[in-house]
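This report refers to the structure that appears directly beneath it.
The values are calculated or read from the model by the stated rules, or taken from the named source; none is laboratory data. The structure presented is a predicted model; accordingly, all values stated were derived computationally and were not measured. Ideal geometry is used to build each Cβ from the backbone, glycine not excepted, and the neighbour counts take in all protein chains shown. Ligands, DNA and RNA are stripped out before the accessible areas are found, and what is left, the full protein with its side chains, is counted by its heavy atoms. Shrake-Rupley method; radii C 1.70, N 1.55, O 1.52, S 1.80 Å.
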Amino acid sequence: MEFHHLPVLLTECMDGLRVAPGGAYLDCTLGGGGHTLEILRRGGRVIGIDRDADAIAAATARLEAFLRQSGRDAGDFRAIRGNFHDAAELTAPARFDGILADLGVSSFQLDCRERGFSYHDDAPLDMRMDASQPKTAADLVNTASEDELTRIFREYGEENWARQIARVVVDRRPMQTTLQLVAAIDAAIPKKVRARDGAHPARRVFQALRIAVNDELEPLRAALEMLTGLLNPGGRLCVIAFHSLEDRIVKNTFRTLADPCTCPKNIPVCVCGKRPTVRIVTRKPIVAGAEELESNPRARSATLRIVEKLP
C-alpha cells in the first residue's frame with residue numbers, strides 16, 4: 001500500500017528534544033519514521049525501534065532515501081526490530097542525547113485494514129503490533145471468560161458498559177472480524193446512550209483489546225525508568241500518550257523519578273538516600289494546537305510530557 005504518515009506534535013517534540021547536529025537520538029516507536037526524519041533533517045543521528053516488521057521496512061526505505069539525497073552518512077540511521085521495553089539490550093552500549101516514545105498506534109498500522117486496528121473497516125480481528133505474536137484479538141475475544149472480558153474493557157478501555165458488552169460478545173462468538181465485534185458492541189449499548197456520547201461506540205473496546213493483545217501498560221513504568229538510564233546528562237525523554245491510562249503512568253513515573261524520597265514529610269532531612277534522577281520539563285502536558293488538529297485529527301487525544309536527565 002502507499003504509505004502516508006503525519007507525525008504527531010512534531011515541532012513540540014523536536015523543541016523538547018533540543019535536537020542538535022551530531023547528537024544521538026533514540027526513536028522508541030519508529031512507526032512511519034516521521035519524527036526520525038525530522039531529527040535527521042536537523043542533523044541528528046537516530047536509532048529507531050519498532051515491533052512491526054512492515055513498518056520498519058517502509059520507514060527504512062524512506063529514511064535511507066533521504067540520507068542518500070542529502071549526502072549524509074548511511075550510518076546516521078539504524079533500525080532495530082523489537083520492543084522498546086528492551087531498548088537497553090537492543091541498543092547497548094549506546095547512550096543518547098534525546099529519546100522519543102510515541103505510544104500510539106502508527107498511521108501505517110491504522111491504515112492497513114487487514115491489521116484489524118480500525119473499527120471502520122471489515123477486517124480480520126487481529127490488532128497485533130508484531131505479526132509474529134501468537135495471540136490475536138480474535139483469540140482473546142473467543143476464549144476469555146465474560147468476567148475477564150469485562151475486566152479488560154473496564155480497566156483498559158474505561159468502558160462503562162463493559163459487562164453488557166462482554167455478555168453479548170460471549171453470546172455471539174466465535175467472532176473473526178472487526179465488524180462482527182462492532183455489531184456486538186452496538187447491540188450491547190442502548191441507542192440513546194450512543195447518541196448522547198458522540199464518540200464511536202466501539203472506540204473504547206478496540207482500545208482495550210489492543211492494549212491487552214500487545215501488553216502495552218504493565219511494563220510501561222519499568223520501561224520509562226530504563227529509558228531515563230540511557231540518557232546522557234542533560235538529555236531529554238519525550239513521551240506521547242494517547243489515552244488517560246498511558247498518560248497517568250507517564251505522569252506518575254516522571255513524578256517519582258523527579259522526587260523519589262520516601263521519608264516521612266515531617267522529618268527535616270532526607271535519610272532514605274534516594275535522589276532525583278530527572279527534572280520535569282512539562283508541569284502540564286503539551287497538546288496539539290488548532291492548526292495541527294485541522295490537518296491531523298488523530299492528534300486530538302495526544303499528550304506530550306518531557307523530563308531532563310540530571311547530572
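Of everything in region 288-308, what is open to solvent by 40 Å² or more (accessible area, probe 1.4 Å) and either touching a residue at least 60 places away in the same chain (Cβ under 8 Å) or among the small types (Gly, Ala, Ser) (or both)? Give them in sequence order.
Across region 288-308, the qualifying residues are ALA290, SER295, ARG298, SER301.
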request  = Within region 276-311, track down each residue that is in a loop (DSSP other than H, G, I, E, B) and either closer than 17 Å to ASP102 by Cα or touching a Pro at 6+ places or on another chain (Cβ under 7 Å) (or both).
outcome  = PRO276, THR282, PRO285, ALA288, ASN296, ALA302, LEU310, PRO311
request  = All but one of (1) touching a Phe, Trp or Tyr at 6+ places or on another chain (Cβ under 7 Å); (2) open to solvent by 40 Å² or more (accessible area, probe 1.4 Å) hold for ILE39, so report the exception by its number.
outcome  = (2)
note = By my count, helices (runs of 4 or more DSSP H) wholly in region 165-263 with at least 1 residues that are surrounded by 20 or more Cβ atoms within 10 Å (Cβ to Cβ) are 178-188, 203-214, 220-229, 244-258
request  = Spot the failing condition for ARG62; the list is (1) touching a residue at least 24 places away in the same chain (Cβ under 8 Å); (2) part of a helix (DSSP H, G or I); (3) under 21 Å from the mean Cα position of the chain (by Cα); (4) over 19 Å from ASP215 (Cβ atoms), and only one is missed.
outcome  = (3)
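Please determine whether any residue of region 18-33 is in a helix (DSSP H, G or I) and either buried (at least 20 other Cβ atoms within 10 Å of the Cβ) or modelled with pLDDT of 95 or more (or both).
Looking for residues that are in a helix (DSSP H, G or I) and either buried (at least 20 other Cβ atoms within 10 Å of the Cβ) or modelled with pLDDT of 95 or more (or both), one finds none in region 18-33, hence no.
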inquiry  = All but one of (1) in contact with a helix residue (DSSP H, G or I) (Cβ under 6 Å, 6 or more places away or on another chain); (2) open to solvent by less than 10 Å² (accessible area, probe 1.4 Å) hold for PHE96; state the number of the condition that does not hold.
reply    = (1)
